[in-house]
Amino acid sequence: MSPKGRSIYGEAVNGTALLFTVLRKGVIMRVSQHSGRAEGSAKHNDRSFMRDMLKAYKEVLAEEEKEAEKTGTKVDRAELWKTTCEVFEIDATHIDPDREHLNLFWSHDGNKDFAKSEREYYKKTYSADLERKNQAYLKKGHPESIRTIDDVLKNKKTAPEELLLAVGKMGETASSEIIQECFQDYIKEMLDWNNKNNRPMKLLNVAFHVNEDGVPHLHIRRSWHYKDKYGNLTLNQNKALENAGIELPDPNKKISRYNNRKITFDAMMRKKWLDICEKHGLKVEREPVVEKKRHQSVKDYKYSMQVEGAEKIINAVAKFVKSNTENLKVMTDRNAPSSKIVHAHSDFVKNANVLKDEITNLSTNIDLRELTDTLSSSLKSAETIRREAEKQSVSALV
């Protein structure tokens with residue numbers, strides 16, 4: 001698969017989840033752009049993680065289809081794939097194994113194993129710089145700072161950058177032909193820019209997935225480097241972009257998370273991507289729909305959503321505690337009348353269930369299992385108190 005001759009999806013923006021609205025024939029679609037350091041997985045992209053699964057699935061499917069032909073029945077392929085995933089203990093139910101052959105893969109050296117391909121390139125290209133730095137650490141008496149190629153591949157500052165590109169949402173996307181043309185043009189723009197500006201990036205591999213839930217999408221992995229004063233290629237995104245002539249968003253301010261050359265580069269490539277969409281008949285809104293999440297890494301974006309969800313939960317719990325202070329006092333007062341304890345418990349349970357429902361509604365943003373378990377435990381304790389109060393009430397009547 002040549003990046004110049006096959007479909008390549010859109011462009012990614014410095015770890016951002018930006019959504020651009022696209023109109024075509026009255027259907028509203030979204031162009032999403034995500035990027036981040038080692039956010040993705042080379043093994044996921046080249047599907048090497050599920051090769052044994054696919055082989056087993058096809059073998060069992062062939063056998064079951066022979067039996068089904070004899071009995072005049074049909075094989076439940078979805079159920080068979082689900083069972084295969086369970087046997088291999090890999091969650092891949094969002095992938096359609098019968099359309100796996102439609103996916104496209106490309107790597108800079110033709111290696112179908114993306115992880116091995118990346119490691120070989122890193123070893124061949126960056127070992128000289130790594131060895132020089134390791135020798136310097138030894139001379140300074142810091143052997144603990146010595147790193148290997150595998151360390152470099154895992155480090156978030158030097159790992160390959162991954163771009164995830166997609167258009168539309170499930171059931172609403174552009175035609176396959178238009179998508180092919182748009183991504184082909186985008187890759188050409190990216191490579192042309194790279195060749196004209198000291199080649200600061202290395203395109204490592206590309207995976208075009210069409211058989212997952214949602215819309216067809218593209219994974220692009222690349223590294224950023226520049227030649228240092230020793231003549232070695234060195235991994236450094238900012239320096240690579242600086243040598244390519246990319247300026248800071250605000251040259252008068254220091255480099256920071258919100259003022260770096262990657263922001264400028266992504267804005268430039270985003271404009272090129274949107275221009276390409278328009279050239280192929282897609283009317284694109286230039287302003288991103290989600291503005292406040294700009295320039296966040298995928299990890300930071302997810303973290304911000306966790307924090308936002310946690311803040312809502314804290315407010316809900318605080319409201320619950322405030323409104324149930326008196327109930328809690330009564331329920332923990334063994335000298336309180338039994339009837340009063342039962343009434344307080346009833347009110348407490350009603351409010352607690354309201355809180356539990358609210359927590360459940362927020363569960364998409366944060367893992368709330370521990371908090372929910374704690375609340376359930378509190379409800380059980382309250383139930384125990386209620387039962388004891390009822391026993392006391394019955395004893396008093398007798």
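Pair-distance distribution P(r) for the stretch 49-134, from all Cα-Cα distances in 5 Å bins starting at 0: 3, 11, 16, 15, 13, 11, 8, 7, 6, 4, 2, 2, 1, 0 percent.
Sorted fewest first by neighbouring Cβ atoms within 10 angstrom, 90, 220 come out as 90, 220. Coupling constants for the stretch 264-275 follow from the phi torsions by the Karplus curve (6.51 cos²θ - 1.76 cosθ + 1.60, θ = phi - 60°), and in residue order they are 5, 4, 4, 5, 5, 6, 5, 4, 4, 5, 5, 4 Hz; glycine and proline get x. Sorting 258, 186 by the number of Cβ atoms found within 10 Å of their own Cβ, with the fewest placed first, yields 258, 186.
Arrange the following residues from fewest to most other Cβ atoms within 10 Å of their Cβ: 83, 125. Don't skip to the end; give the middle numbers.
Details: 83 13, 125 16.
So the ranking, lowest neighbour count to highest, is 83, 125.
Which pairs break 19 Å Cα to Cα here: 154/272; 133/154; 43/154; 124/202; 322/356; 312/356?
154/272
Can you tell me the FRET efficiency between residue 111 and residue 65 if r is taken as the Cβ-Cβ distance and R0 is 41 Å, rounded to the nearest 0.05?
Values: r = 33 Å, r/R0 = 0.82.
That gives a FRET efficiency of 0.75.
Volume per residue, Å³, of the convex hull around the alpha-carbon atoms of the stretch 176-240? Walk me through the numbers on the way to the answer.
Values: hull volume 6.2 nm³, N = 65.
So the per-residue hull volume is 95 Å³.
The Rg/Rh ratio of the stretch 97-243, with both radii computed over alpha carbons and Rh defined as the Kirkwood radius, is 1.06.
No value in this document is a laboratory result; all are computed from the given coordinates. Since we're looking at a predicted model, the values are computed, not measured. Positions of Cβ are backbone-derived with ideal geometry, glycine not excepted, and every protein chain shown enters the neighbour counts.
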